[in-house]
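The values are calculated or read from the model by the stated rules, or taken from the named source; none is laboratory data. Remember, predicted model here, so these are calculated numbers, not experimental data. Here Cβ is always computed from backbone atoms with ideal geometry, including for glycine, and neighbour counts include all displayed protein chains. Please note that ligands, DNA and RNA were not included when accessible areas were found on the heavy atoms of the full protein model with its side chains. Shrake-Rupley method; radii C 1.70, N 1.55, O 1.52, S 1.80 Å.
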Amino acid sequence: MISIRMSGHATSHSHCVVSARDLRLTIDEPIERGGTNLGFSPTETAFASLVGCTNTIGHKCAHKLGIDIGNLEFDMEVDFDRRGVLLQEEIEVPFKAIRLVVTASGPAGQSELDQVAAETEKYCAVSKMYKNAGTEVEVSWITK
């Protein structure tokens, strides 16, 4: 087990810079929601983390299995019940479903991609976090 440290500095109700290691991440809201549009919204940042984790863990699993998946492209759609962030009512599971399509450019066939997908499913911490929170997560791996 490790402990991860991050810090943040907010300059407005929507703009926040978060630091980890020697890196900075800007989180903001779009202009139409009173932000300055300098970064992803908090929810977009959370969704992007699933793409990043799937990419990293997917490549690790492919390497371990000896499967060449090449580069990956991602297409994601999220069913988001915004009533909670709009302060209308508390929503226990705000992200109802996430559908993620992963397209591999490498020479791996579909059966090999299915193996990588199954292994990635076991180890992607962000996917597990969403699933354990009650979100239906569907990840489909396809060849280009």
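Computed values, structure above
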item: Separation of the S140 and H9 label points, Cα + 7 Å toward Cβ, nm; result: 4.5
item: CD proxy at 222 nm, helix term only [per DSSP H run n ≥ 4: -39500 (n - 2.57); per residue of the chain; nearest 500]; result: -10500 deg cm²/dmol
item: In degrees, nearest ten, helix 110-123 long axis to first principal axis of the chain (Cα); result: 50
item: Nearest-0.05 FRET efficiency for L65 and T45, computed from C-beta distance (R0 30 Å); result: 0.50
item: Cα centroid separation, the stretch 2-57 to the stretch 82-144 (Å); result: 20
item: Portion, in percent, of the accessible area of the chain that falls on carbon or sulfur, probe 1.4 Å; result: 54
item: Relative contact order %, the stretch 41-95, counting alpha carbon pairs below 8 Å whose residues are six or more apart; result: 21
item: Loop trypsin sites (Lys or Arg not before Pro), the stretch 1-101 (other Cβ atoms within 10 Å of the site Cβ: 15 or fewer; DSSP); result: R5, R21, R82, R83
item: For the chain, alpha-carbon Rg and Dmax in angstrom; result: 17.3, 50
item: Those lysines that a straight Cα-Cα span of less than 18 Å connects to K60, excepting residues fewer than 8 apart in one chain; result: K122, K128
item: Computed log₁₀ I(q)/I(0) - Debye formula, equal Cα scatterers, no solvent, the stretch 85-131, q 0.15, 0.25, 0.32 Å⁻¹; result: -0.58, -1.03, -1.21
item: Contour excess over end-to-end distance, with Cα ends at D75 and N37 and 0.36 nm allotted per residue; result: 11.5 nm
item: Accessible area in the full protein assembly, largest first, 1.4 Å probe, for T120, T11; result: T11, T120
item: Choice from V51, V93, V102 with maximal GNM fluctuation in the chain (Cα, 10 Å cutoff); result: V93
item: Area of I4 that stays accessible when all protein chains are in place (1.4 Å probe, Å², to 10); result: 130
item: Dipole magnitude of the chain, debye to nearest 20 (Cβ charges: Lys/Arg +1, Asp/Glu -1, about Cα centre); result: 520
item: The stretch 15-69, dipole about Cα centre (Lys/Arg Cβ +1, Asp/Glu Cβ -1), debye to the nearest 20; result: 280
item: Magnitude of the charge dipole, the stretch 39-121, Cβ model with Lys/Arg +1 and Asp/Glu -1, debye to 20; result: 180
item: Vicinal HN-Hα couplings computed from phi for the stretch 20-27 (Karplus, 6.51 cos²θ - 1.76 cosθ + 1.60; Hz; Gly/Pro x); result: 8, 6, 10, 10, 10, 10, 9, 10
